[in-house]
Amino acid sequence: MIMRIIFLGPPGAGKGTYASRLSPILKIPHISTGDMFRAEAASGSELGKKLHDIMTSGALVPDELTVEILKERIQKDDCKEGFILDGFPRTIKQAEMLDQATSIDVVLNVKLDQEILIKKMTARRVCKDCGNIYNIADIRIGDLHMPPLLPEKEGVCDKCGGNLIHRKDDTKEVIEDRLKEYEKKTAPLIDYYTKKGLLKDVVVAGGPDMMIPRILEMIGK
Ligand code: ADP
Ligand code: ZN
């Protein structure tokens, strides 16, 4: 059965971590526009330089460019059985343009407190080569326990041996701007997909080992 999934939610909520773990289970690709933009930025191209400046300011990349890149990606062969979108769409305009290109089966809205988001994002580490995500924070608030996601060897990616880095846009100032951008431009998508009957809330209650089975159950897998 074809499964086209969107992960919605504020930056740092865990969309990328969940999407990357679900991808091999569901055998559909994990598509992160943020990862695609970072790869382009790392290439040093003219476009990459522009993307780098936009991203490090916490602002969004223009809709037309983002949709063009995304549409091209989902037309590839490996998307025939579906895909998991992480970080797209981020505006109503993007969602409307996506609707013209394909149909979506479910939108998973990841919910997490703002205070925890900031804690998690400042403690996030990313593999500079493959993008795999780690986290050094050990968060315990009431019943919520989010254990750290550590690599076997400090500073080194388990998957590919690449160096782990702290993203330039994962500093407190930029994070606050990204959260504002989210509230203003992306949060309206919650209503948009609720009206279409596609939205399911994923209330984060622990680390990915607890949440992945829950998500699989929610989508009937
Ligand atoms: P996070 O991991 O915090 O969710 P992402 O890696 O998804 O962040 O995105 C990083 C940056 O890339 C964003 O702050 C934004 O500048 C840009 N970006 C990613 N996806 C989109 C999109 N769909 N539309 C516009 N800009 C985007
Ligand atoms: Zn890696």
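For GLN114 and ASP53, compute 0.36 nm times the residue count separating them, minus their Cα-Cα distance, and round to one decimal in nm.
Details: separation 61, 0.36 × 61 = 21.96 nm, distance 2.50 nm.
Going from the current span to full extension adds 19.5 nm.
Evaluate the charge dipole of the chain about its Cα centre and quote only its size in Debye, nearest 20, assuming +1 on the Cβ of each Lys and Arg and -1 on the Cβ of each Asp and Glu.
180
Residue farthest toward the positive end of the dipole of the chain, with Cβ of Lys/Arg at +1 and Asp/Glu at -1: which of GLY44, VAL174, HIS30?
The residue sitting farthest along the positive end of the dipole is HIS30.
Mind giving me the nanometre distance, one decimal, between the label points for ILE141 and MET1, set 7 Å out from Cα along Cα→Cβ?
3.5
Would you kindly derive the ³J(HN,Hα) couplings of the range 101-108 from the backbone phi angles with the Karplus curve 6.51 cos²θ - 1.76 cosθ + 1.60 (θ = phi - 60°), listing them in order in whole Hz, with x for Gly and Pro?
9, 7, 10, 10, 9, 8, 10, 9
Over the chain, what percent of the accessible surface lies on carbon and sulfur atoms, probe 1.4 Å?
Within the chain, the accessible surface is 52 percent carbon and sulfur.
If I take R0 = 30 Å and measure r between the Cβ atoms of LYS195 and ASP78 in this structure, what FRET efficiency does the formula 1/(1 + (r/R0)^6) give, to the nearest 0.05?
Calculated transfer efficiency: 0.45.
Give me the number: length gained by fully extending ASP158 to VAL203, i.e. 0.36 nm times residue separation minus the C-alpha to C-alpha distance, one decimal in nm.
13.4 nm
ILE215: net charge of surrounding residues, Cβ under 14 Å, Lys/Arg +1, Asp/Glu -1, itself excluded?
Summing Lys/Arg as +1 and Asp/Glu as -1 gives +1.
Place a point 7 Å from Cα of LYS128 in the direction of its Cβ. Which residues in the range 142-183 have their backbone N less than 19 Å from it?
Under cut-off, by backbone N: 151-171.
Can you find, among ILE165, ALA13, ALA101, the residue sitting farthest towards the positive end of the charge dipole of the chain, where Lys and Arg contribute +1 and Asp and Glu -1 at Cβ?
Of the options given, the answer is ALA13.
Report the trypsin sites (Lys or Arg not before Pro) located in the range 4-103 that are in a DSSP loop and have at most 12 other Cβ atoms inside 10 Å of their Cβ, or state none.
Details: sites: ARG4, LYS15, ARG21, LYS27, ARG38, LYS49, LYS50, LYS71, ARG73, LYS76, LYS80, ARG90, LYS93; in loops: LYS27, LYS76, LYS80, ARG90.
Here the sparse-neighbourhood loop sites are LYS27, LYS76, LYS80.
Name the residue from ASN132, PRO62, THR91 whose Cα lies farthest towards the positive end of the charge dipole of the chain, charges +1 on Cβ of Lys and Arg and -1 on Cβ of Asp and Glu.
Final value for the positive-end residue is ASN132.
Kindly state, to the nearest 0.05, the FRET efficiency for HIS166 paired with ALA101, given R0 = 35 Å and r defined as their beta-carbon distance.
So, using R0 = 35 Å, E works out to roughly 0.50.
Using the Kirkwood radius built from alpha carbon pairs, what does the Stokes-Einstein equation give as D for the chain at 37 °C and 0.692 mPa s, in µm² per second?
Once the numbers are plugged in, D ends up at 184 µm²/s.
I'd like to check one number: the per residue accessible area of the range 3-218, probe 1.4 Å, reported in Å² as a whole number.
Accessible area per residue: 50 Å².
The values are calculated or read from the model by the stated rules, or taken from the named source; none is laboratory data. In this text the structure is predicted, and so the values were computed from the model without any measurement. In this analysis, Cβ positions are derived from the backbone assuming ideal geometry, glycine residues included, and neighbour counts consider all displayed protein chains. Just so you know, the surface numbers come from the protein's heavy atoms only, side chains and all, with ligands and any DNA or RNA stripped out. Shrake-Rupley method; radii C 1.70, N 1.55, O 1.52, S 1.80 Å.
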